[in-house]
Amino acid sequence: CAVKAAHVLSEIAKNEEMKKPCIEADLVLTLIPLLESRDQEMLLHAGRAIGRICYDNHDLQEELVKVGVIPSLVRILTDYAESEPLVHVALLALYNLADLDTAKEALSKTKVAEQLVRQLRRAENHERLEIVFEVLQALAENDALKVQLVEAGVPEVLSEILLRLQGSSQADDMCIVKAASDLIVSLLLGGKRGNTYKLKAAKHSAKVLVLILSRHENSQGKDSLNSQLAPAWFCLSSDGNCLRMVQLGVIHQLLDLLEKHVQSGDNSVQHAALSALQNLAIPVVSKVRMLEEGVTERIEALLKSESPPVQFKLLGTLRMLADGQADAAEVLGQDPMLLNRLVQWCDMNDHTGVCGEATRLLASILHHNRSQEVVKAIQEAQGVKHLVSMTNSEHAATQNEALNALAVASAIDLETLEESFKESQLVQSLHKLLQDDNTSPEVKYNSMVLLCRLLNSGDLRQEIEEDRIKETLEQLCSHSNANVVKEAVTTLQVLRGET
């Protein structure tokens, strides 16, 4: 009668009011041993009864894990992989338990990853795929299980699923694509066991994302798909995968997509694609490759975007490309359209993020450039006053970017900048920074480096003398920071004409 009794209990447990009597009668602990049965009907009814009694009961679920239910569930998945009812019961049970740390620990000692991959491959409907994805997403929060999932081939299966659904615009298919994309992100983020498994996951995921980006049929479905995959692009462009993504040709495909969406389209796609490009531009080797392929010019073509979030990411991407690259800085710094757009954005007080990023890009262009033509172009675009204003930022890092850029530009062509410096009262701004006790030592140091450059101009030297900066410099000779003291002494010597 055991099978029939288990069947009755599974039906009784459907009723919320009957769960408590079942628990009080210790029926859960009585049912657990039945999961070792070889009778499939017994396994089905016992599994359903346990699942229904323990649903949404944290204490009981912890007790289940403690008495060893996890190995039994994995055994059912292994031994009865072709039995739809039993697989469904086992997956539901894992879904309910997978959020528990104790369950993850127990699962890490089994071969659950292999069985979940097996079920992903044979899933024939959205419901089955969704529940397997839910279990995988929970398990991917555990470092040990994350590695096992990658080793078992989860990225390969995700790639197969994404390729299979790439032409669809059906709502159910898009849910699956979103789940697959989120799982790719989970497998690539975090982790404390090194990057080997991440690179393996990235290898398969990057290939399929590039393939999807490069295909242009069924544009409506493709746009929806790109929107769902946007988080995965961003994740794949970081964590050491940049060079692989560049080699696979993802850059121009992302740019194709951006150009398509720049007038109208999904802002999330534009934002994610630019975030990915910005990450790809961080390593020097990727930066050089991107410049060789003319990416700078293509990104500049997106300047007509009127979306502040997209503008912000666009500026950050260009700044990352210019960082440490004199050639890129020279190209950007001699583009009248770009410079005029930057100066417009520098005045966008209602969008402080865009305004700040525009001035940072101007500073980066000047800092990394070695061309007199670039200095003249920025001067003609009236960008110098914004860099002077940047020295008054609340953030020391931003102040230093401006000071370093102005010092480099002054060394290249002080004569061109002289009039703008006077109009924007640069000397007076520097004096305030030196006098302010809240100014960081690095900002004081860089302010004095710039002052030394300005002393090469007769008119600016006169302003420095009239503003009585000498007295401030003498006070800084007893500053607590050794670098500040050293630079104060040097600046005083230049001011006195001693060196």
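The values are calculated or read from the model by the stated rules, or taken from the named source; none is laboratory data. Note that this is a predicted model, so its numbers are computed, not measured. A quick note on method: Cβ atoms are made from the backbone with ideal geometry, for glycine too, and the neighbour counts reach across all protein chains shown. These accessible areas exclude ligands, DNA and RNA; they are computed on the full protein's heavy atoms, side chains included. Shrake-Rupley method; radii C 1.70, N 1.55, O 1.52, S 1.80 Å.
Each label was represented as a point 7 Å from its Cα along the Cα-to-Cβ direction; for K304 and E141 these points are 4.6 nm apart.
Taking square-rooted eigenvalues a ≥ b ≥ c of the alpha carbon gyration tensor, is region 337-392 rounded, prolate or oblate, where a/c under 1.5 means rounded and, failing that, a/b exceeding b/c means prolate? Prolate, because a/c is 1.5 or more and a/b exceeds b/c. Computed over protein heavy atoms with a 1.4 Å probe, the accessible surface of the chain works out to 45 Å² per residue. In order along region 459-474, the Karplus-derived 3J(HN,Hα) couplings, from 6.51 cos²θ - 1.76 cosθ + 1.60 at θ = phi - 60°, round to 5, 5, 4, 4, 4, 4, 5, 5, 7, 6, 6, 3, 5, 5, 4, 5 Hz, and Gly and Pro are given as x. Here the contact order of the chain, divided by its residue count and restricted to Cα pairs under 8 Å and six or more residues apart, works out to 7 percent. Stretching the chain fully between K385 and A482 yields a gain of 31.8 nm (0.36 nm per residue, less the alpha carbon separation).
Taking region 310-383, which trypsin sites (Lys or Arg not before Pro) meet the DSSP loop condition and have no more than 13 other C-beta atoms within 10 Å?
Within region 310-383, the qualifying trypsin sites (Lys or Arg not before Pro) (loop, at most 13 other Cβ atoms within 10 Å) are R370.
Is region 70-190 rounded, prolate or oblate when judged by the Cα gyration tensor, a ≥ b ≥ c being the square roots of its eigenvalues, rounded requiring a/c under 1.5 and prolate requiring a/b larger than b/c? Note, shape of region 70-190 comes out oblate.
Looking at region 39-107, the GluC sites (Glu not before Pro) that sit in a DSSP loop and have at most 11 other Cβ atoms within 10 Å of their own Cβ are E82. Whenever you get a sec, compute what percent of the accessible area on the chain sits on carbon and sulfur atoms (1.4 Å probe). Ligands and nucleic acids excluded, carbon and sulfur give 48 percent. With a simple spin-label model that places each label point 7 Å from the Cα along the Cα-to-Cβ direction, the separation between E292 and D323 comes to 2.1 nm. For region 445-491, the gyration tensor built on C-alpha atoms gives an oblate shape. Its axis ratio a/c (a ≥ b ≥ c) is at least 1.5, and a/b is not larger than b/c. Separation of region 127-188 and region 386-407, taken as the distance between their Cα centroids, equals 45 angstrom. For the chain, the Cβ-based charge dipole about the Cα centre amounts to some 1340 debye (Lys, Arg positive; Asp, Glu negative; other atoms uncharged). Need one number: the % of Cα-Cα pairs in the chain sitting beyond the 32 Å mark. Of the Cα pairs, 57 percent sit more than 32 Å apart.
What full-extension length gain, to one decimal in nm, is calculated for A411 and E16 as 0.36 nm per residue of separation minus the Cα-Cα distance?
134.3 nm
The modelled label-to-label distance between L29 and Q425, using points 7 Å beyond Cα along the C-beta direction, is 8.1 nm. For region 379-487, GluC sites (Glu not before Pro) are listed when DSSP marks them as loop and at most 10 other Cβ atoms sit within 10 Å of their Cβ; the list is E394.
Between I282 and C1, the FRET efficiency from the beta-carbon distance, with R0 = 51 Å, is close to 0.15.
Considering the dipole of region 1-139 built from charges on the beta carbon (Lys and Arg +1, Asp and Glu -1) around the Cα centre, which of P85, V8, T102 is farthest to its positive end? Value computed over the given set: P85.
Given only helices, namely DSSP H runs of n ≥ 4 each adding -39500 (n - 2.57), what is the per-residue ellipticity at 222 nm of the chain, to the nearest 500 deg cm²/dmol?
Values: 32 runs with 380 residues, N = 499.
It lands at -23500 deg cm²/dmol.
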